[in-house]
Amino acid sequence: MLDRLLLSKPLIGIQIPIIEQQNSLLKLAEAAGERNLPLWVWSALSTGFHGLTDAPQWDSTIDLGHEILTVLQSQSLRENGVYVYVDLFTAIVALPPPQQVQAELSITALFFTLRQSPDTRVVFLETGEIPHKFIQLIHNYNFPLPTAIEIGEMLTSYQLPPDGKFLNTLSGLTLEEIRMALKQVSPGADLDTAAEQLLNYKYALFATYGLEFIGDTTTKDIGGLDIIKQSLTFVQKSFSPQARAYNIPLPKGWLIVGVPGTGKTYFAKICSQKLGFPLVNIGIDVVKSGGVTKFKQLLARIDACEPCIPYFDEFDKFFIGEKSGEFLGVILTWLNEKTSKTFVIATLNRLENLPPELTRAGRFDKVFYVDFPTAAERKEILQLHCARFDDRYKTGNGALTPQEWTVILERTEKCTGAELAQIAIEAATALFYEIEDGGQISIDLPDLLAARKCVHTLFSRNPEGVMAIENRAKNFTQPSSSNQPHPFDLPKQDLYSRNTN
Ligand SMILES: Nc1ncnc2c1ncn2[C@@H]1O[C@H](COP(=O)(O)OP(=O)(O)O)[C@@H](O)[C@H]1O
Ligand SMILES: [Mg+2]
């Protein structure tokens, strides 16, 4: 792979995690060797190029700006060979602006000189970012993650079985990261313990990159949202082996829009449970601060962790501010070309900040809008949350008569799921303060009505804002629940306060 790459382009950028630097140099030397070319390495540690095996001597007198300009215009670049600059761009950023400009111009000149010399190649091995403006000059190459065979060999050398379970545990890590993970397994640990330690190591490491694995196993139930729940069963079916046999494409993912508190995050967790895939929460702030190339690497890591649900909360944050166009490009390509068993869920409150490309057909399989729950849905949600404290709510109509339900449902119009949960919690907590030790919490209508008064809803605070979100979103999305009439629905009234159903 690398040797073919060396054949085709004069300037090559390879971005790697810092710990992979030595491995990458070795692989480059191997690839250069296959083409009978010597390999020369430069780093800011010393002056000029040196061979891979002669370690550079630390030189305290280096004038970095002078050194970089010299080495970029070096006469030796006229001779055949592979010239590797280690973290050159990281060093350039540290120079005063005039020298930065000169260094960048030298790189451009290098491109035009080397275009005619197929046996001289320049590789920029970077742990940071290669500036976007060089995109046309420097061929960017993402160092691939190790294959299953490579991971297997590593496991075997640490006396662990290269079976599916262990391969899965270590997937998404680079070879050096795998080595570090294996090193910290307790000596003499049984296989289960070893697997657990490896997984914990991976999760802790991924957290530092902004990827948080959420393995939520407690069964929860979500009230209402029948359409989206139904669609989820189809997604489940599309991931089955039968679907592959019928050539049904792998699902890509969903975009879910709705005002805060309508249960979007909660639903993502339910998806994780129903599909049996772990949820990988992608911390957009951390990821954005790492830059576009790191983000590409992270996506490759996520793909390697299949099956999983990559989850982007507040997805619109990606597309605000600096470099948003570049991030958009990466995400669009990824969604288009993704062949891994991953189901992307992206949630957001308002569609305004989202580039229209993302809602076009072929990106996400579906774009849902989660509305305020209908009366029937409010009953389901209230009942679910009351049942956490009062067993009577676990069956039938719970502790309320149909007439009582009508009263509380009327008082909770335009409440979100989160606010309904809050009402149940407020009611239960107030009762808890009153009961004797060993007593039961019994939530009745007056308790719910009193709790309702304590919860200040988003809608009452900002009705115009909420309506604006709704109106805009509904043009692009499909509803996540069918508004079927239900005995608990309130009468719909026309302009003259006449009931219409
Ligand atoms: N449809 C629902 N059914 C049950 N609980 C819900 C529902 N919607 C919201 N909730 C409750 O509200 C809480 C907050 O919802 P969340 O998913 O964080 O909202 P969002 O992500 O849309 O802002 C959830 O943890 C859950 O307890
Ligand atoms: Mg949320």
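Could you list all residues from the stretch 375-385 that are surrounded by fewer than 23 Cβ atoms within 10 Å (Cβ to Cβ), in contact with a Gly (Cβ under 8 Å, 6 or more places away or on another chain) and of a type in the set (A, V, I, L, M, F, W, C)?
Correct list: ALA376, LEU384.
Filter the stretch 340-363 down to residues that are within 16 Å of ligand 2 (Cβ to nearest atom) and assigned to a strand (DSSP E or B) and give me whichever is surrounded by the most Cβ atoms within 10 Å (Cβ to Cβ).
ALA346
Can you confirm whether GLY396 is on the phi > 0 side of the Ramachandran plot, free of Cβ contacts under 8 Å to residues at least 60 places away in the same chain, under 30 Å from the mean Cα position of the chain (by Cα) and not in a helix (DSSP H, G or I)?
So GLY396 does not fit the description; no.
Among what's in the stretch 252-281 and is out of contact with any Pro (no Cβ under 6 Å at 6 or more places or on another chain) and more than 14 Å from ligand 1 (Cβ to nearest atom), pick the residue that is nearest to LEU382 (Cα to Cα).
Narrowing the stretch 252-281 to residues out of contact with any Pro (no Cβ under 6 Å at 6 or more places or on another chain): 252-276, 278-279, 281.
Filter once more, so that each one left must be more than 14 Å from ligand 1 (Cβ to nearest atom): 252-253, 274-276, 278.
Working: LYS252: 33, GLY253: 29, LYS274: 22, LEU275: 26, GLY276: 27, PRO278: 28 Å.
That would be LYS274.
Quick one: how many residues across the stretch 41-56 are farther than 19 Å from THR90 by Cα and either crowded, with 17+ Cβ neighbours inside 10 Å or in contact with a helix residue (DSSP H, G or I) (Cβ under 6 Å, 6 or more places away or on another chain) (or both)? Full working, then the answer.
If we filter the stretch 41-56 for residues that are farther than 19 Å from THR90 by Cα, which is where we start, we get 50-55.
Now drop any that are not either crowded, with 17+ Cβ neighbours inside 10 Å or in contact with a helix residue (DSSP H, G or I) (Cβ under 6 Å, 6 or more places away or on another chain) (or both), which leaves 52.
The total comes to 1.
Among the residues of the stretch 386-428, count how many are among the β-branched types (Val, Ile, Thr) and surrounded by 18 or more Cβ atoms within 10 Å (Cβ to Cβ). I'd like the intermediate steps shown before the answer.
Taking the stretch 386-428 first, the residues among the β-branched types (Val, Ile, Thr) are 395, 401, 406-408, 412, 416, 423, 425.
After this cut, where a residue has to be surrounded by 18 or more Cβ atoms within 10 Å (Cβ to Cβ) as well, the list is 408, 412, 416, 423.
Of the residues in that region, 4 qualify.
Residues are listed down the side, and each one gets a yes or a no for (1) touching a Phe, Trp or Tyr at 6+ places or on another chain (Cβ under 8 Å); (2) on the phi > 0 side of the Ramachandran plot; (3) at pLDDT 90 or above:
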residue: VAL41; (1), (2), (3): yes, no, yes
residue: ALA44; (1), (2), (3): no, no, no
residue: PRO56; (1), (2), (3): no, no, no
residue: ILE62; (1), (2), (3): no, no, no
residue: THR70; (1), (2), (3): no, no, yes
residue: GLN73; (1), (2), (3): no, no, no
residue: SER76; (1), (2), (3): yes, no, no
residue: GLY81; (1), (2), (3): yes, yes, yes
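For LEU52, state whether it is more than 23 Å from ARG115 (Cα to Cα), at pLDDT 85 or above, assigned to a loop (DSSP other than H, G, I, E, B) and not assigned by TED's automatic domain parsing to the domain that holds GLY290. I'd like the intermediate steps shown before the answer.
On the way: more than 23 Å from ARG115 (Cα to Cα): yes; at pLDDT 85 or above: yes; assigned to a loop (DSSP other than H, G, I, E, B): yes; not assigned by TED's automatic domain parsing to the domain that holds GLY290: yes.
The answer is yes for LEU52.
Please specify each residue of the stretch 243-293 satisfying the condition of being within 16 Å of ligand 2 (Cβ to nearest atom), over 25 Å from ASN475 (Cβ atoms) and touching a Ser or Thr at 6+ places or on another chain (Cβ under 7 Å).
LEU279
Please pick out the residue among GLU434, GLU470 that is touching a residue at least 24 places away in the same chain (Cβ under 8 Å) and acidic (Asp, Glu).
After ruling out the rest, the residue left standing is GLU470.
When you look at ARG461, is it within 30 Å of LEU255 (Cα to Cα), more than 16 Å from ligand 2 (Cβ to nearest atom), without any contact (Cβ under 8 Å) to a residue 12 or more places away in the chain and charged (D, E, K, R), yes or no? Give the steps one after another, and end with the answer.
Working: within 30 Å of LEU255 (Cα to Cα): yes; more than 16 Å from ligand 2 (Cβ to nearest atom): yes; without any contact (Cβ under 8 Å) to a residue 12 or more places away in the chain: yes; charged (D, E, K, R): yes.
Yes: the conditions hold for ARG461.
List pairs: first residue in the stretch 130-152 and free of Cβ contacts under 8 Å to residues at least 40 places away in the same chain, second residue among the hydroxyl-bearing types (Ser, Thr, Tyr) anywhere in the structure, Cβ distance under 9 angstrom, at least six positions apart or on different chains.
Listed by first residue and then by second, the contacts come to PRO146/SER171; PRO146/THR174; ALA148/SER171; ILE151/SER171.
Can you pull out the residues in the stretch 55-75 that are outside any helix (DSSP H, G or I), of a type in the set (A, V, I, L, M, F, W, C) and within 41 Å of the chain's Cα centre (by Cα)? Before the answer, list the steps.
Kept after step one, since they are outside any helix (DSSP H, G or I), are these residues of the stretch 55-75: 55-63, 73-74.
If we keep only those that are of a type in the set (A, V, I, L, M, F, W, C) as well, we get 55, 58, 62.
If the condition is that a residue be outside any helix (DSSP H, G or I), of a type in the set (A, V, I, L, M, F, W, C) and within 41 Å of the chain's Cα centre (by Cα), then ALA55, TRP58 are the ones that fit.
In this structure, is ARG388 outside any helix (DSSP H, G or I), outside the structural domain of LYS288 (by TED's automatic domain parsing), among the basic types (Lys, Arg) and at pLDDT below 95?
Values: outside any helix (DSSP H, G or I): yes; outside the structural domain of LYS288 (by TED's automatic domain parsing): yes; among the basic types (Lys, Arg): yes; at pLDDT below 95: yes.
Judged against the criteria, ARG388 is a match.
Given the criterion within 16 Å of ligand 2 (Cβ to nearest atom), surrounded by 21 or more Cβ atoms within 10 Å (Cβ to Cβ) and not in a strand (DSSP E or B), identify the matching residue among PHE368, PHE372.
Values: PHE368 fails: not in a strand (DSSP E or B).
The unique qualifying residue is PHE372.
Just to be sure before I move on: is LEU431 more than 14 Å from ligand 1 (Cβ to nearest atom), crowded, with 18+ Cβ neighbours inside 10 Å, among the aliphatic types (A, V, I, L, M) and part of a loop (DSSP other than H, G, I, E, B) in the structure I sent?
Numbers: more than 14 Å from ligand 1 (Cβ to nearest atom): yes; crowded, with 18+ Cβ neighbours inside 10 Å: yes; among the aliphatic types (A, V, I, L, M): yes; part of a loop (DSSP other than H, G, I, E, B): no.
Considered against the rule, which asks whether it is more than 14 Å from ligand 1 (Cβ to nearest atom), crowded, with 18+ Cβ neighbours inside 10 Å, among the aliphatic types (A, V, I, L, M) and part of a loop (DSSP other than H, G, I, E, B), LEU431 comes out as no.
What helices (runs of 4 or more DSSP H) lie completely within the stretch 91-208 and have 1 or more residues being within 30 Å of the chain's Cα centre (by Cα), of a type in the set (A, V, I, L, M, F, W, C) and loosely packed, with under 12 Cβ neighbours inside 10 Å? Step through it out loud before you land on a result.
Details: elements: 97-114, 148-157, 164-170, 175-183, 191-208.
Where helices (runs of 4 or more DSSP H) fall fully within the stretch 91-208 and carry at least 1 residues being within 30 Å of the chain's Cα centre (by Cα), of a type in the set (A, V, I, L, M, F, W, C) and loosely packed, with under 12 Cβ neighbours inside 10 Å, they are 148-157, 191-208.
Limited to the stretch 191-227, what total is found for residues that are modelled with pLDDT under 90 and among the charged types (D, E, K, R)?
4
For the stretch 214-225, which residues satisfy the criterion of being more than 16 Å from ligand 2 (Cβ to nearest atom) and surrounded by fewer than 17 Cβ atoms within 10 Å (Cβ to Cβ)?
If the condition is that a residue be more than 16 Å from ligand 2 (Cβ to nearest atom) and surrounded by fewer than 17 Cβ atoms within 10 Å (Cβ to Cβ), then GLY215, THR217, THR218, THR219, ASP221 are the ones that fit.
The values are calculated or read from the model by the stated rules, or taken from the named source; none is laboratory data. As the structure is a prediction and not an experimental result, all values here were calculated from the model. Neighbour counts run over all protein chains shown; Cβ positions are idealised from the backbone, glycine included.
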